[in-house]
Structures are given as C-alpha cells and as structure tokens.
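The values are calculated or read from the model by the stated rules, or taken from the named source; none is laboratory data. Not measured: the values here are computed from a predicted model. We work out accessible area using only protein heavy atoms, side chains counted, and drop any ligands, DNA or RNA first. Shrake-Rupley method; radii C 1.70, N 1.55, O 1.52, S 1.80 Å.
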Amino acid sequence: MIRHIVMWKFRPGTEKEQAEFLDGLRGLQGVIPELLSSETAVNVGPGNYDAVLVSTFESLEALEAYKNDPRHKAVSALCKSIREDRTAVDYVI
C-alpha cells in the first residue's frame, strides 16, 4: 500500500478557486477506482501550507493510474492555475 500526501500553498485572492479545487478532489473518491481512500483538509494554523491531501493506493502503479486519469488531470489543472507551491511525499504503509 502507498500513502500519497500532497500540500499546497495558494496565491492570495483565489479563495473561490481553492474551494472549487478541494471540492473537486473530494469528488474523485469513489469515482477513480485506484483511489482507495482520501482526506482533504484546509490548514487552520497560521503560515505553512494552505491545504493537504492524504490518500491511499494499492501500489505505485495505481497511484500513477490515478495521476493520469482525465478526471484527476482536470482537477489538477485548476490547482496549477492557483498555486504558489506544491510538495508531495509517497511512502509504503
């Protein structure tokens, strides 16, 4: 099993798009079969990153299939237009 964690820092003034992006991520659960579980949250503390995704996949190949799924790519395209920074880590659980 693979845990995939992604964090984003968004550009100021993109709050509406941020909500749309995070709702889009949440909407992928149960739609893309490789995505076994996911949790999306907004940081409540000051500084650092603004939001996080914690998700689980059967394998690195399943994670790659998720990343290449057109539904994920559509959501990801919105993120790319509003983010300042992104960081990610994948590890075996």
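Name the most mobile residue of Val42, Val75, Val31, meaning the one with the largest mean-square fluctuation, in a Gaussian network model of the chain with Cα contacts below 10 Å.
Of Val42, Val75, Val31, the Gaussian network model singles out Val31 as fluctuating most.
Show me the three semi-axes of the equivalent ellipsoid for the range 7-49, from the C-alpha gyration tensor (sqrt of 5 times each eigenvalue), largest first, rounded to whole Å.
With the √(5λ) rule applied to the range 7-49, the semi-axes are 23, 13, 7 Å.
Measure nothing fancy, just the Cα-based angle from helix 15-26's long axis to the longest principal axis of the chain, in degrees from 0 to 90, nearest 10.
Taking Cα atoms only, the helix is inclined about 10 degrees.
Please compute the length gained on full extension between Asn48 and Asp90, using 0.36 nm multiplied by the number of residues separating them and subtracting their Cα-Cα distance.
Taking 0.36 nm per residue and subtracting the Cα distance, the gain is 13.2 nm.
Using only helices, what value at 222 nm comes out for the chain when you add -39,500 (n - 2.57) per DSSP H run of length 4 or more and divide by the total residues, to the nearest 500 deg cm²/dmol?
Value at 222 nm, helices only: -11000 deg cm²/dmol.
With every protein chain present, what is the per residue accessible area of the range 1-90 (1.4 Å probe, Å²)?
Spelled out: the 1.4 Å probe surface of the range 1-90, per residue, equals 56 Å².
For the range 29-90, would you read off the P(r) tail past 18 Å as a percentage of all alpha carbon pairs?
40 percent
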